[in-house]
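Written below as structure tokens is the structure these notes are about.
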Amino acid sequence: MRENLIGQVGCSGRYDYRHTNYPLSCRNTQDEVYVLCMKEQGNLILKNNPFVTKIIEHEKDAVPNDKLGEYFESVRQAYECDRYIDMCESLEVAIALHPNDPMYNLTKNERKERCDKNYYDYSFEFAKLPETKGTRGEIYFDATEEEWAKKFYAGQLKDKFVLLWGLSGSGRNKAYPFAEYVMADLVKKYTKLQIITVGDDVCRLLESLTHPQITHMSGYGHSGRV
């Protein structure tokens, strides 16, 4: 059985780790397992993946960027992995541009050509794995989470079209200032719609709109894996 080391230590949000999880859960991995080296948030998303044999938590800024190559090679050798798959900057920097990134100032057409891609498909391309398109990854939940979700959906969400709304990302540029206006229009137009807002504790400040079709869950224990 071949063991692969996957490294992704630069991303700051859980969303990036969902896309790292994608190649792991979509490939024919019967003869492959994975060791993951990533920050603490990665453990939250990937801890139940059956193809992961170990998660090595990487302390933020513990290794300078110019030394990461040497670091990952030493980790690969220490854990006797057959190969290393680099997922650092696989979305951020590559196609999800930040306002501080010089490429953010490219023309609209240039940005469209570079960044208008399916993130799941691009994860395979970036990882140099056999091409697979049109499929979606999976997050694996434990028994407690599964039971909680069943009860939650069987209650107020029964027969509803559910819209999960992340109120902000890991950067200041990822907050959308008109969310409440959009939500108000949506629930007014679609009576079968139920909006669930999620985020960290600070995002509770953005949950001021009260409506029976809006469920606020920012700061809630399960919000990172909803």
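No value in this document is a laboratory result; all are computed from the given coordinates. Because the structure is a prediction, the values reported are computed rather than measured. Cβ coordinates were reconstructed from backbone atoms using ideal geometry, including for glycine residues, and neighbour counts include every protein chain displayed.
Worth a mention:
- Taken along the Cα-to-beta-carbon direction at a fixed 7 Å, the label points for residue 151 and residue 182 span 3.2 nm.
- The simple spin-label model puts a point 7 Å past each Cα toward its Cβ; for residue 113 and residue 205 those points are separated by 4.1 nm.
- Once backbone amide H atoms are built at 1.01 Å from N, residue 166 has 198 as its partners under 5 Å, excluding neighbours fewer than 5 places away on the same chain.
- Partner lysines whose Cα lies under 18 Å from the Cα of residue 150, excluding those fewer than 8 positions away in the same chain, are identified as 158, 160.
- Gain on full stretching of the segment that runs from residue 73 to residue 143 - 0.36 nm per residue minus C-alpha separation: 21.6 nm
- Close amide H contacts of residue 93 (hydrogens built in the peptide plane, cut-off under 5 Å, sequence separation of 5 or more or a different chain): 98.
- Per-residue Cβ neighbour counts within 10 Å put 144, 215 in the sequence 144, 215, beginning with the fewest.
- Between residue 86 and residue 62, the modelled labels are 2.0 nm apart [label points 7 Å from Cα along Cα→Cβ].
- Scalar couplings 3J(HN,Hα) for segment 42-52, obtained by applying the Karplus form with A = 6.51, B = -1.76, C = 1.60 to θ = phi - 60°, are x, 5, 4, 7, 10, 5, 9, 5, x, 8, 9 Hz; x denotes Gly and Pro.
- Close amide H partners of residue 215, meaning residues 5 or more places away or on another chain with modelled amide H under 5 Å apart, are 195, 196, 197.
- Coupling constants for segment 188-195 follow from the phi torsions by the Karplus curve (6.51 cos²θ - 1.76 cosθ + 1.60, θ = phi - 60°), and in residue order they are 6, 8, 10, 6, 8, 8, 10, 9 Hz; glycine and proline get x.
- Residue exposure proxy: 38, 103, ordered by other Cβ atoms within 10 angstrom of their Cβ from fewest to most, comes out as 103, 38.
- Karplus-based coupling profile of segment 210-217, in residue order and whole Hz: 9, 7, x, 8, 10, 10, 8, 9, with θ = phi - 60° in 6.51 cos²θ - 1.76 cosθ + 1.60 and x standing for Gly or Pro.
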